[in-house]
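For reference, the structure is listed below as structure tokens.
The values are calculated or read from the model by the stated rules, or taken from the named source; none is laboratory data. Every value quoted in this text rests on a predicted model; they were computed, and no experiment measured them. Positions of Cβ are generated from backbone atoms using ideal geometry, with glycine treated the same way; all protein chains shown enter the neighbour counts. The protein model used for the area step is the full one, side chains on, heavy atoms only, and it has no ligands, DNA or RNA in it. Shrake-Rupley method; radii C 1.70, N 1.55, O 1.52, S 1.80 Å.
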Amino acid sequence: MCDAYTPAGDPIPTNKRHAAAQIFSHPDVEKEVPWYGIEQEYTLLQKDVRWPIGWPVGGFPGPQGPYYCSAGADKAFGRDIVDSHYKACLYAGVNISGINGEVMPGQWEFQVGPSVGISAGDELWIARYILERITELAGVVLSFDPKPIPGDWNGAGAHTNYSTKTMREDGGIVVIKKAIEKLGLRHKEHIAAYGEGNERRLTGRHETADINSFSWGVANRGASIRVGRDTEKDGKGYFEDRRPASNMDPYVVTSMIAETTILLK
């Protein structure tokens, strides 16, 4: 993992790590020890036709429903790739914490975290690179498109789970609600930075909130921000930003969440 700079010593335009590191090194942010858990969804495509693996060429599988967290050759397509990626990440020292089949057949997810600050972006980028290499070996195309198949099929996101030290302490739910309020005030700025093509995914359908509105709720998959039942019950914990697209830059997303919730007064 490298930072890339121009000969003059300036970060190149695609080096988003530099600005993120400045936010994460801010004393107010460091004091809050921000934790992230990122759920990276992706789609595996047949190489020559750019159609999801397990789908009939030129046709469609049965409707969504039996594929999520499924097992079986007629429902789970590409598990050899997914398991190989998981083991390779463990071997590489990436803090990968889970995998699952997704709602759309041929779509999968892995989770990285909990990771502190800048390391969340580092680990996700490394995990993505390892997945690219493994899909290359398998002769399968890896897609991070947020809506690879139009119509009544789920898109792909990168739900970002987040907490700070004060959110994890007793009474943290008050801090969580204040942070969500701040995120709502900067909704447009966050959406603009949360990935390309996200408007095709955030439609208010298929477990998403509409891109033009901000909402939050407990155990609500159709909200912009979801608070877990355990967090509500315990009065402390974390929340999930469900808006980021699968092709988002984790340095941008994680640092922006920290900036908005901690540094924005």
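Values as computed for the structure displayed
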read-out	value
Helix-only CD estimate at 222 nm, as mean residue ellipticity for the chain, using -39500 (n - 2.57) per DSSP H run (n ≥ 4)	-9500 deg cm²/dmol
Packing rank of 45-57, 195-207, where each peptide gets the mean count of other beta carbons within 10 Å, highest leading	195-207, 45-57
Of GLY157, GLY171, GLY117, the one that fluctuates the most in a GNM where the chain has Cα springs shorter than 10 Å	GLY171
Of all accessible heavy-atom area on region 22-263, the percent that carbon and sulfur account for (1.4 Å)	53 percent
Whole-Hz ³J(HN,Hα) from phi, Karplus 6.51 cos²θ - 1.76 cosθ + 1.60, for region 147-157, glycine and proline x	8, x, 10, x, x, 7, 9, 5, x, 10, x
Among [x] 25.3, 90; [y] 18.0, 62; [z] 18.5, 55, the entry that matches Rg and Dmax of the Cα atoms in Å as calculated here	[z]
Charge sum, other residues only, whose C-beta stays under 13 Å from CYS89's C-beta, Lys/Arg counted +1 and Asp/Glu -1	-1
Residue of ASN15, ASN100, ASN161 that the Gaussian network model of the chain assigns the largest fluctuation, springs spanning Cα pairs under 10 Å	ASN15
Links that overshoot a 29 Å alpha carbon limit, given the list LYS75/LYS147; LYS87/LYS236; LYS87/LYS178; LYS31/LYS182; LYS147/LYS178; LYS16/LYS236	LYS87/LYS236; LYS87/LYS178; LYS147/LYS178; LYS16/LYS236
Of the DSSP H helices in the chain, those whose Cα atoms cover at least 18 Å axially and whose Kyte score averages 0.5 or more	172-185
Å² of accessible area per residue within region 44-195, as computed with a 1.4 Å probe and no ligands counted	45 Å²
Residue among GLU123, GLU109, GLU132 with the largest mean-square fluctuation in a Gaussian network model of the chain, springs linking Cα atoms under 10 Å	GLU132
Radius 12 Å from Cβ of GLY121, net charge of other residues (Lys, Arg +1; Asp, Glu -1)	-1
